[in-house]
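Okay, structure first, notes after.
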Amino acid sequence: MLGLGISGKEAAKLLQEKGAHVTVRDSATGDARVNQRAEALRRLGVAVELGEALAKTRHFDFCVLSPGISLKAPLVRGLNQPGLPMLGELEVAYRYCQCPIVAITGTNGKTTTTELVAAVLAAGGKQTRASGNIGTAFSAAVRESANLDVMVLEVSSFQLEHIVEFRPRISVHLNLTPDHLDRYGSMEEYEAAKWQIFRNQTADDFAIVNTALRLPEMKARKITLSATGAPADYQLADGWLVARGERVLEQNRTNLIGPHNAENMLAALAVADLYRVSREAAVRALCRYQPLPHRCEKVAVIGGVTFLNDSKATNIDALEKALLAMQAPVVLIAGGKDKGLDFTGLRPLLREKVKTVVLIGQMTEKLFAAWHSAVPCVRAGSLPDAVGQAGQLAKAGDVVLFSPGCSSFDMFKDFEDRGDQFRSLVQARIGSA
């Protein structure tokens with residue numbers, strides 16, 4: 001097992017329980033969380049090698065790669081065992097799964113859609129569990145699979161890279177826009193990784209796909225969705241979620257805004273129909289669903305200014321969709337780690353929606369160069385500075401939108417840490433307003 005993140009730890013535990021002799025390797029040495037996981041595994045009899053211990057060599061039957069580890073990583077090259085089978089945690093857990101799977105992928109919207117699908121299935125009386133990239137590792141959730149009607153999985157391109165037999169009963173592919181180009185050599189390579197979700201499906205399976213996607217030949221029965229007016233089995237029309245020509249639910253009755261969230265709900269509705277969940281139960285679940293934190297989350301209204309936390313926006317498409325959902329003038333806080341993306345295409349939308357951009361992080365100068373001719377841009381040295389400047393620039397009726405469009409790892413532990421810090425900074429302004 002290479003990598004001692006959450007999925008790596010759970011895959012190691014699962015394999016150990018099934019009688020395998022497991023060795024886990026991770027190059028980290030000073031990470032407290034990695035050290036804690038290492039000690040927990042050692043107590044279970046798992047061999048764990050950290051830091052310099054990676055120089056040890058042994059013969060292995062196969063290697064399990066954590067999603068974040070590339071085949072080019074020194075950790076992989078250090079194995080020095082040509083021809084060693086490389087499997088992902090997704091593949092390993094699948095081999096022990098005893099129930100059908102709904103697998104959801106796409107550049108954006110995966111987590112929301114996974115939660116929505118689990119909610120509508122539960123509303124229809126199905127025993128289900130959401131896991132995968134959503135937070136609970138598939139390797140941990142799979143222990144419950146014998147007692148489930150269906151497992152709902154959020155799967156990333158990284159997780160799909162190393163599947164062999166993994167086969168979802170229903171696959172969902174929401175969208176594909178530029179992301180992770182610091183890992184993939186091209187959009188075509190990124191696209192091919194996403195296509196793996198269809199690889200092992202048969203004519204007995206279903207693929208729910210956005211009409212905007214370019215798709216490979218597939219054996220699964222295709223069901224289409226669209227929120228852009230394109231003809232589809234499930235579509236957004238005049239503010240309604242429509243299923244095969246039947247109006248089901250007005251989007252404004254739900255807590256989710258924007259066409260992108262309409263697509264997420266349409267995908268959930270399509271899964272509900274395949275599982276024969278009543279429309280009444282599905283609509284009830286969609287209306288009750290509350291957006292997850294860090295996804296256009298309303299933090300506060302201060303002096304007539306609405307502060308939204310959209311820290312989950314880690315790429316261009318997520319930022320674009322957040323802006324499209326805005327009805328009021330926007331003061332945008334953006335920036336973060338450089339992932340090799342080109343932001344110039346957002347200039348027309350920025351002119352339409354944004355009064356001023358406050359820039360932070362590693363991408364500050366690149367974003368300034370890309371945007372300053374379209375919209376006023378100012379630089380901030382930190383997130384507290386950015387929140388302070390945005391609060392001064394915004395007027396009553398405006399929105400301060402924290403939608404970085406970049407990953408968080410230049411300044412924060414992850415997007416949750418980034419969003420939590422933004423929320424705390426905004427809440428601290430309430431008492432001083």
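Go through segment 52-73 and give me each residue that's more than 29 Å from the chain's Cα centre (by Cα) and either closer than 23 Å to Tyr94 by Cα or modelled with pLDDT under 85 (or both).
Those that are more than 29 Å from the chain's Cα centre (by Cα) and either closer than 23 Å to Tyr94 by Cα or modelled with pLDDT under 85 (or both): Glu52, Ala53, Leu54, Ala55, Lys56, Thr57, Arg58, Phe60, Asp61.
Return yes or no: is Phe422 closer than 23 Å to Pro259 by Cα, touching a residue at least 40 places away in the same chain (Cβ under 8 Å), under 24 Å from the mean Cα position of the chain (by Cα) and crowded, with 21+ Cβ neighbours inside 10 Å?
Considered against the rule, which asks whether it is closer than 23 Å to Pro259 by Cα, touching a residue at least 40 places away in the same chain (Cβ under 8 Å), under 24 Å from the mean Cα position of the chain (by Cα) and crowded, with 21+ Cβ neighbours inside 10 Å, Phe422 comes out as no.
Filter the helices (runs of 4 or more DSSP H) completely within segment 10-105 down to those with at least 2 residues that are touching a residue at least 60 places away in the same chain (Cβ under 8 Å).
Per the criteria, 74-77, 89-94.
Within segment 291-308, can you find the residues that are more than 22 Å from Tyr234 (Cβ to Cβ), in a loop (DSSP other than H, G, I, E, B) and not hydrophobic (A, V, I, L, M, F, W, C)?
Pro293, His294, Gly303, Gly304
Can you find a residue that is closer than 28 Å to Ala313 by Cβ, open to solvent by 50 Å² or more (accessible area, probe 1.4 Å) and within 18 Å of the chain's Cα centre (by Cα) anywhere in segment 193-203?
yes
Only one of these is under 24 Å from Glu416 (Cβ atoms) and either open to solvent by less than 30 Å² (accessible area, probe 1.4 Å) or not β-branched (Val, Ile, Thr) (or both): Asn252, Asn261. Name it.
When all the criteria are applied, what remains is Asn261.
Among the residues of segment 264-282, which ones are open to solvent by 20 Å² or more (accessible area, probe 1.4 Å) and not small (Gly, Ala, Ser)?
Asp273, Leu274, Tyr275, Arg276, Arg279, Glu280
Consider Val34 carefully, then state whether it is among the β-branched types (Val, Ile, Thr), more than 30 Å from Leu225 (Cα to Cα) and over 23 Å from the mean Cα position of the chain (by Cα).
So Val34 does not fit the description; no.
Testing Lys413 on (1) under 24 Å from the mean Cα position of the chain (by Cα); (2) in a helix (DSSP H, G or I), one condition comes back false. Which one is that?
(2)
Within 15 Å of Val164 (Cα to Cα) and touching a Ser or Thr at 6+ places or on another chain (Cβ under 8 Å): does that describe Val64?
Answer is no for this residue.
Name the residues in segment 337-390 that are among the aliphatic types (A, V, I, L, M) and either modelled with pLDDT under 95 or part of a helix (DSSP H, G or I) (or both), would you?
Residues satisfying the conditions are Leu341, Leu346, Leu349, Leu350, Leu367, Ala369, Ala370, Leu383, Ala386, Val387, Ala390.
Let me spell it out: the conditions are (1) farther than 18 Å from Gly68 by Cα; (2) surrounded by 19 or more Cβ atoms within 10 Å (Cβ to Cβ); (3) out of contact with any His (no Cβ under 8 Å at 6 or more places or on another chain), and Ala207 meets all of them except one. Which number is the exception?
(3)
Name every residue in segment 165-218 that is of a type in the set (Ser, Thr, Tyr) and within 20 Å of Lys110 (Cα to Cα), in order of residue number.
Ser171, Thr177, Tyr184, Tyr190, Thr211, listed by residue number.
Go through (1) modelled with pLDDT of 95 or more; (2) open to solvent by 50 Å² or more (accessible area, probe 1.4 Å) for Ala227 and report which single condition fails.
The number of the failed condition is (2).
The values are calculated or read from the model by the stated rules, or taken from the named source; none is laboratory data. Note that the structure is predicted; figures quoted are calculated from it, not measured. Ideal geometry is used to build each Cβ from the backbone, glycine not excepted, and the neighbour counts take in all protein chains shown. Side chains are part of the model used for accessible areas, which takes the heavy atoms of the whole protein and leaves out ligands, DNA and RNA. Shrake-Rupley method; radii C 1.70, N 1.55, O 1.52, S 1.80 Å.
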